[in-house]
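Each remark here refers to the structure printed beneath this line.
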Amino acid sequence: MSPIRHQTASTFLFALFGTSWRMCLIEHPRHGGYLAPGGHVHELEGEPPQDAALRAALEESGYLPRLLPAPLPGGYPHPGVPGPWWTVDMPAGPDGRANASHLHRDHIFVGVVPLPYEPQGPPELPVRWVDRDELAVLDTPADTQVLGAHLFDVIDAAARPNAAAAPDEELAAELLRRMERDQEVRLLPPASRTPEVMDRWQQIDRDNRVWLEQLLAERGWPGTSEVGERAAAAVWLIAQHSDPDPDFQLRCRDLLAEAVLAGEADPRHGALLQDRVRVAQDRLQVFGTQLRTDEEGQLAPAPIWEPEQVDLRRLEVGLDPLAEYVEACRRAADG
């Protein structure tokens, strides 16, 4: 007699915190310890395992990952598509779906979360992002330990596509020209900011924003391998100064986060734009990069989420401690 076999799906979620990968685990109330998010496939409803993996990840962790294709050998000529990296039969005891011991045919996916501080929904279970060292000492099943340790070895290559074949010097030059125009008006002393200058300031920002929107629609986010570090900074700067179009700025935040994940953008720029968007949405910022004038007329950070941890988050992405940053901004404003 064949054993009872239920289809399940689980996902190992990874995110970059600055330049370091962490893996998302949930604390399971019934199994005990920490596991990758997962659950049963709704077979009677015709749910594919991939959809079940995404649904369970969102329900249990609050994150909707981008699933990755399994790695292919170097030189293989065709692109991979997202799917399970492994399919295994796991023994399971009696539960709400079977009153006897049975098997779970688990479809194991691997996914990435570009914005770990921006969950898509409330998690059903406690969530913990762990690095390689934490995983080694955490209360997790042996299968989670083995696969998690292996994935830490391969996630960087799996999540990061090949760099652009050749730099685009023409695009880089145009980006640098637009960055110079952006900074030209912003670096003028306050006394020189006549109504005519402010009108020009708005026009430059508008022209840059419209130009970048068309570029992104045609080619996607230009990364450092395509345009170089300075021109890549110009892409971020135009997005940072796109406040009049919050929908476009939000889209830029998402595209920049993917570029950071791929190693094609500076994590500091991702942090700055993420804070900019959150403050514009009247939400607590994460990295303390957005300053306002306080009641005493001094520059001070807009409200920060978990402020006691902000310097640790800033360190992860390569930003100076908050107090040093605020003091430098105040000196620049006074100068």
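The values are calculated or read from the model by the stated rules, or taken from the named source; none is laboratory data. Since the structure is predicted, the reported quantities are computational estimates derived from the model, not experimental observations. Every residue, glycine among them, receives a Cβ derived from its backbone with ideal geometry; neighbour counts consider all protein chains shown.
Some observations on this one:
- Residue selection: L212 satisfies the criterion of being of a type in the set (A, V, I, L, M, F, W, C), at pLDDT 90 or above and out of contact with any Leu (no Cβ under 6 Å at 6 or more places or on another chain).
- Take the conditions (1) aliphatic (A, V, I, L, M); (2) buried (at least 19 other Cβ atoms within 10 Å of the Cβ); (3) in a helix (DSSP H, G or I); L319 misses just one of them, which is (3).
- The range 122-149, residues that are in contact with a Ser or Thr (Cβ under 9 Å, 6 or more places away or on another chain) and part of a loop (DSSP other than H, G, I, E, B): P123, E124, L125, D131, L138
- Just one of the numbered conditions (1) touching a Gly at 6+ places or on another chain (Cβ under 7 Å); (2) at pLDDT below 95; (3) not polar (S, T, N, Q) is not true of G39: (1).
- Residue match in the range 317-328 (condition: outside the structural domain of R253 (by TED's automatic domain parsing) and in contact (Cβ under 8 Å) with a residue 60 or more places away in the chain): yes
- Check on W201, of a type in the set (F, W, Y), touching a helix residue (DSSP H, G or I) at 6+ places or on another chain (Cβ under 6 Å) and modelled with pLDDT of 95 or more: no
- For the range 126-144, a residue qualifies if it is within 19 Å of V112 (Cα to Cα), in contact with a helix residue (DSSP H, G or I) (Cβ under 9 Å, 6 or more places away or on another chain) and not polar (S, T, N, Q), and the qualifying residues are V127, R128, V130, D131, R132, L135.
- Checking V227, V210 one by one, the residue that is exposed (fewer than 14 other Cβ atoms within 10 Å of the Cβ) and not basic (K, R) is V210 and no other.
- Selection status of T140, of a type in the set (S, T, Y), surrounded by 13 or more Cβ atoms within 10 Å (Cβ to Cβ) and over 21 Å from the mean Cα position of the chain (by Cα): yes
- The single condition among (1) modelled with pLDDT of 95 or more; (2) out of contact with any His (no Cβ under 6 Å at 6 or more places or on another chain) that G220 does not satisfy is (1).
- Flag for Q298 being modelled with pLDDT of 95 or more and either farther than 27 Å from E229 by Cα or surrounded by fewer than 20 Cβ atoms within 10 Å (Cβ to Cβ) (or both): no
- So L44, is it in the same structural domain as V154 (by TED's automatic domain parsing), surrounded by fewer than 19 Cβ atoms within 10 Å (Cβ to Cβ) and within 21 Å of the chain's Cα centre (by Cα): no
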